[in-house]
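Student: Quick one: structure below, then a few questions.
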Amino acid sequence: MGFFNKLFGTKLEEENRMTKSNIGIILGSTREGRVSPQVGAWVKELADKRGDANYTIIDIADYKLTLLGEADGDASGAAAWSEIIAKQDGFVFIVQEYNHSISASLKNALDYLREEWNNKAAGIVSYGSVGGARAAEHLRGILSELLIAHVRVHPALSLFTDFENGSDFKPATVQADSVNQMLDQVIPWTTALNTVRK
Ligand SMILES: Cc1cc2nc3c(=O)[nH]c(=O)nc-3n(C[C@H](O)[C@H](O)[C@H](O)COP(=O)(O)O)c2cc1C
C-alpha cells in the first residue's frame, strides 16, 4: 500500500510539474535584517493553498550576484540565476521601497538577464511607508522593457499597519484577499504567455 501510494504520489507530483505553470516568488531585498523573507513566505503560503501553480521562493541573496559587468572570479552565481529564472513561467515580485524606488539588488538582478524574463507574466507585492507604491510604479516601467506583462491588482503593505515596529510582519486580514486577486490575474496571463514562448 505504502509502495503504491508512494508511486502514485510521485507520478501525481510529476504530472503537476508538467502541467502547472512555475511561478517564482522573488525576494527583492538582500540586506541583513530584511523583512522580505517574511513577506515572501506569507505569499507562498497563500499561493500554495490555491494549488494552481508550482510556487517557489527565489532569493536573490542566494546567487551572490556582483554588480553587472564587475570583474567576477566565480560566474556560477550568474549562471544559476539565469537557470532558475529561465525555468519560471511567471513571477511575483516582493518589492520594498528604497529611496522612492526599488532596491539596487533587485535592479541589478533584473539587469543581468533578458530572454529569461521575456513574454512572462508577473504580479507585484510591495511594502513601505506608503505601501511601497512608488517602488512598485518604478518597477512597472522596468518590467515593460523586459517584456514582462504586469497585472493590475497590487497588494501594497504598510510598514505602519501591516508590520509591528516596522519589522514584525502582521498583515491585515484584507491583504490576503488582495494577494489572491493578484494571483487570479497572474495565472491566466501566465498560461496565455506560455503559448507565445512555445
Ligand atoms: C536605503 C533605504 C531607503 C529607504 N527609503 C524608503 C523610502 O523612500 N520610502 C519608504 O517608504 N521606505 C523607505 N525605506 C524603508 C524600507 O522600505 C523598509 O526598511 C523595508 O523594510 C525595506 O525592506 P527590507 O527589510 O526587505 O530590506 C528605506 C530603507 C532603506 C534601507
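Student: Which of Pro37, Tyr63, Ala53 sits closest to the plus end of the dipole of the range 17-79, meaning its Cα is farthest towards the positive end, when Lys and Arg get +1 and Asp and Glu get -1 on the C-beta?
Tutor: So the residue we want is Ala53.
Student: With n ≥ 4 as the cut-off for DSSP H runs, can you work out [θ] at 222 nm for the chain, using -39500 (n - 2.57) per run divided by the number of residues, rounded to the nearest 500?
Tutor: Numbers: 6 runs with 89 residues, N = 198.
Rounded to the nearest 500, the figure is -14500 deg cm²/dmol.
Student: Which lysines, on any chain, are close to Lys120 with Cα under 17 Å apart, when same-chain ones fewer than 8 places away are left out?
Tutor: Lys20, Lys87, Lys198
Student: For the chain, what does the relative contact order come out to in percent, with C-alpha contacts under 8 Å and a separation of six or more? Provide the component values of the computation, followed by the final result.
Tutor: Working: 324 pairs, mean separation 41.3, N = 198.
Reported as a whole number, the value is 21 percent.
Student: Sticking with this structure for a sec: Place a point 7 Å from Cα of Glu115 in the direction of its Cβ. Which residues in the range 83-109 have their backbone N less than 12 Å from it?
Tutor: 86
Student: Go through 52-60, 81-89 and give me the packing order, highest mean Cβ count within 10 Å leading.
Tutor: Working: 52-60: 19.1, 81-89: 16.7.
Ranked by mean Cβ neighbours within 10 Å, highest first: 52-60, 81-89.
Student: Modelled label-to-label distance, Glu70 and Thr173, 7 Å Cα→beta-carbon offset: nm?
Tutor: Label at Glu70, label at Thr173, 4.6 nm between them.
Student: Give me the 1.4 Å probe accessible area per residue for the range 78-179, excluding ligands and nucleic acids, in Å². Don't skip to the end; give the middle numbers.
Tutor: Details: 4270 Å² over 102 residues.
For the range 78-179, the solvent-accessible area averages 42 Å² per residue.
Student: I would also like to ask the following. On the accessible surface of the chain, probed at 1.4 Å, how many percent belong to carbon and sulfur atoms? Intermediate results must be reported in sequence, preceding the final value.
Tutor: Numbers: 5740 of 10340 Å².
Result for the chain: 55 percent of the exposed heavy-atom area is carbon or sulfur.
Student: Hey, with R₀ at 22 Å, roughly what FRET efficiency would Ala41 and Lys87 work out to, going by the Cβ-Cβ distance, to 0.05? It would help to have the intermediate numbers written out before the result.
Tutor: Details: r = 20 Å, r/R0 = 0.93.
With a Förster radius of 22 Å, E is 0.60.
Student: Still on this structure: If you add up the charges near Ile57, with Lys and Arg at +1 and Asp and Glu at -1, over every other residue whose beta carbon is less than 12 angstrom from its beta carbon, what do you get?
Tutor: Values: positive: Lys44; negative: Glu45, Asp48, Asp59, Asp62.
Around Ile57, the surrounding residues sum to -3.
Student: If you don't mind, another one. What accessible surface, in Å², does a 1.4 Å probe find on Phe93, ignoring ligands, DNA and RNA and rounding to the nearest 10?
Tutor: Approximately 0 Å² for this residue.
Student: Here is a further query. Binning at 10 Å from 0, report for the chain what percent of all alpha-carbon pair distances ends up in each bin.
Tutor: In whole percents, the pair-distance histogram is 9, 35, 35, 16, 4, 0.
Student: Local charge sum around Asp168 (other residues, Cβ-Cβ under 15 Å, Lys/Arg +1, Asp/Glu -1)? Working shown, then result.
Tutor: Details: positive: Arg34, Lys170; negative: Asp162, Glu164.
Neighbour charge sum, excluding Asp168 itself: 0.
Student: Could I get the Rg over Rh figure for the range 126-198? Both from C-alpha atoms, Rh via Kirkwood, rounded to two places. If you can, show how the numbers build up before the last one.
Tutor: Numbers: Rg = 14.4 Å, Rh = 13.6 Å.
Looking at the range 126-198, the ratio lands at 1.06.
The values are calculated or read from the model by the stated rules, or taken from the named source; none is laboratory data. None of the values given here were measured: they were computed from a predicted structure. Note that we place each Cβ from the backbone using ideal geometry, even for glycine, and neighbour counts take in every protein chain shown. Protein only, heavy atoms only, side chains kept; ligands, DNA and RNA dropped before computing areas. Shrake-Rupley method; radii C 1.70, N 1.55, O 1.52, S 1.80 Å.
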